[in-house]
Amino acid sequence: VGTRAAVKAVDTRDLVEAGAGIVLANTYHLMLRPGSAMIAQRGGLHRFMAWDGPILTDSGGFQIYSLSPTIDEEGARFRSVYDGSKVGLTPEEAIRIQEELGPDIAMALDVCVGLPAPRQEVEAEMERTLRWAERCLSAHTRGDQALFGIVQGGVDPDLRAKSASQTAALGFPGFGIGGLSVGESAAERHTALEASFAELPDDKPRYVMGLGDTEGLLEAIARGADMFDCVLPTRLARHGKALTRSGDLNLRNSAFETDDRPIDEGCSCRTCATHSRAYLRHLVRAKELSAHRLLTIHNLRYTLDLIAGAGDAIETGRFSEYLAQVAERRSDGSS
RNA sequence: GCCGGGAUGCCCGAGCGGCCAAAGGGAGCAGACUGUAAAUCUGCCGGCUGACGCCUACGGAGGUUCGAAUCCUUCUCCCGGCA
């Protein structure tokens, strides 16, 4: 996730090394700073941020959840997080801006509802998301850019099924599953995923938005998910936490003071190849910027390896073994 | 030597008769984080205890007072000024 056309603490070369296949950027943040026209003038997002691989932009739907603007049928009215000024975002605007930004995949503007929420509200916003999806579709003009619709409906299987089938009927080339990882339990999420996937075409990508913890990713893949994005690997890195095959590590903990092992013996990232837990713990405690960079490099590699491993396992028909193996190593306890 | 200022919990620092185990930082120890308002936020943080509570504490000693980190005397050390 590179919300502001930058994955925090690393550069595009680090992303290539980590094995990143796609980068996400954000419509809301980029329209306010530096502005989509400014980026368009510089040849679009790819050239601007020097990333040759695929780019996806989120529409600003998540900010409708996290920044709680006022919403009406026309669109959302925000206060800019940068200068407090009033800004509006409609489905048409979200598309226009994303066409200027120039990602390979744009997302329809949806309304993401935090959970738990009254069914009435979840249903109303799911319906609104559906209406907005149509508007996004008709506003979309760039043939070289894919536009994904977004399934909402909270954790209610019926609402999910309706949202998925109606969104699918609009003919999008790919589908985001939104409104998850926003307060629901794992079991509720699984129900929502199953209900959504059942109504989506098998030959088009299914993108579970905002999901990124190890167990959550594998459970979603097991149910048919193809794509993900998540701030967790990079944010946890900045907060001193390292993800590993044998459980996650809070490197601030005194347990690592004299631990000379790498974060993860099985990891081939540069951080694990060069630095000990003891050193990294020191960097974290000393608030050295390199701690952010080194842990981000590792957490990205860990997460991307996990996903790549799942892909390999699926291709060789050994996915359930893979699932069991990952779960066993992680539960065997950390350290 | 004289005059003035000061010594507070691991560190810095507020308090200036009871509401003080003592504000606020920092450090330390844990926890949270999922389409990034996040290099952020939360909790604990003298000792014993699950808790009530008890004990020890505001440089040392002594005193005033029902009651002192807070007032007085004296000692020690630190800082500034004058000799």
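According to the Kirkwood relation over distinct C-alpha pairs, the hydrodynamic radius of region A:151-259 is 15.1 Å. All other residues whose Cβ lies under 15 angstrom from that of A:ILE150 are scored, Lys and Arg at +1 and Asp and Glu at -1, for a net of -1. For region A:206-280, what does the alpha-carbon gyration tensor say about shape, rounded, prolate or oblate, given a ≥ b ≥ c as the root eigenvalues, a/c under 1.5 as rounded, and a/b over b/c as prolate? Judged from the Cα gyration tensor, region A:206-280 comes out prolate (a/c at least 1.5, a/b above b/c). The loop-placed trypsin sites (Lys or Arg not before Pro) in region A:241-335, going by DSSP, that have at most 14 neighbouring Cβ atoms within 10 Å of their Cβ come out as A:ARG252, A:LYS287, A:ARG318. Only lysines eight or more places from A:LYS8 in sequence, or on another chain, were considered; those with a Cα closer than 22 Å are A:LYS241, A:LYS287. Of the peptides A:144-154, A:197-207, the ranking by mean beta-carbon count within 10 Å, highest at the top, reads A:144-154, A:197-207. Just check region A:1-142 against the gyration tensor rule for me: Cα atoms, a ≥ b ≥ c as the square roots of the eigenvalues, rounded for a/c under 1.5, and otherwise prolate or oblate depending on whether a/b exceeds b/c. It is prolate, given that a/c is not under 1.5 and a/b is the larger ratio. Against chain A, whose longest principal axis is taken from its Cα atoms, helix A:289-315 shows a tilt of about 70°. Estimated at 0.36 nm per residue, the fully extended path between A:THR274 and A:ASP332 surpasses their Cα-Cα distance by 18.3 nm. Think of region A:8-124 as a dipole: +1 on every Lys or Arg Cβ, -1 on every Asp or Glu Cβ, centred on the Cα centre; then among A:VAL111, A:ALA37, A:TYR65, A:ALA37 lies furthest on the positive end. Taking only protein heavy atoms and a 1.4 Å probe, the accessible area of chain A is 49% carbon and sulfur. Label positions at A:SER246 and A:ASP226, each projected 7 Å from the Cα along the C-beta direction, are separated by 3.7 nm. Angle of helix A:157-169 to the longest C-alpha principal axis of chain A, folded into 0 to 90 degrees and rounded to 10: 70°. Put simply, the C-alpha atoms of region A:184-335 give a gyration tensor, and the ellipsoid matching it has half-axes of 31, 16, 13 Å, longest first.
Accessible area per residue of region A:175-306 at 1.4 Å probe, in Å²?
42
When you count, for each residue, the other Cβ atoms within 10 Å and take the mean per peptide, how do A:5-16, A:175-186, A:66-77 rank with the highest first?
A:175-186, A:5-16, A:66-77
Classify region A:1-70 as rounded, prolate or oblate from the Cα gyration tensor: take a ≥ b ≥ c as the square roots of its eigenvalues, call it rounded if a/c is under 1.5, otherwise prolate when a/b beats b/c and oblate if not. Judged from the Cα gyration tensor, region A:1-70 comes out oblate (a/c at least 1.5, b/c at or above a/b).
Please get the size of the charge dipole for region A:105-255, origin at its Cα centre, with Cβ charges of +1 on Lys and Arg and -1 on Asp and Glu, quoted in debye to the nearest 20.
That gives a dipole near 520 debye.
Using the alpha-carbon positions of region A:54-209, Rg (one decimal) and Dmax (whole number) come out as 14.6, 44 Å.
For a straight C-alpha distance cut-off of 22 angstrom, the lysines reachable from A:LYS162 (same-chain residues fewer than eight places away being disregarded) are A:LYS204. In plain terms, the bigger the Kirkwood radius, the slower the diffusion; for chain A, with that radius from Cα pairs, at 20 °C and 1.002 mPa s, Stokes-Einstein puts D at 104 µm²/s.
Only the Cβ atoms of Lys and Arg (+1) and of Asp and Glu (-1) were treated as charged; on that basis the dipole of chain A about its Cα centre amounts to roughly 1260 debye. Selection among A:LEU283, A:PHE256, A:SER268 by position relative to the dipole of region A:255-295 gives A:LEU283 as farthest towards the positive end (Cβ unit charges, Cα centre).
The values are calculated or read from the model by the stated rules, or taken from the named source; none is laboratory data. As the structure is a computational prediction, the values presented were derived from the model and not from experiment. Glycine gets a Cβ as well: all are built from the backbone with ideal geometry, and neighbour counts include every protein chain shown. These accessible areas exclude ligands, DNA and RNA; they are computed on the full protein's heavy atoms, side chains included. Shrake-Rupley method; radii C 1.70, N 1.55, O 1.52, S 1.80 Å.
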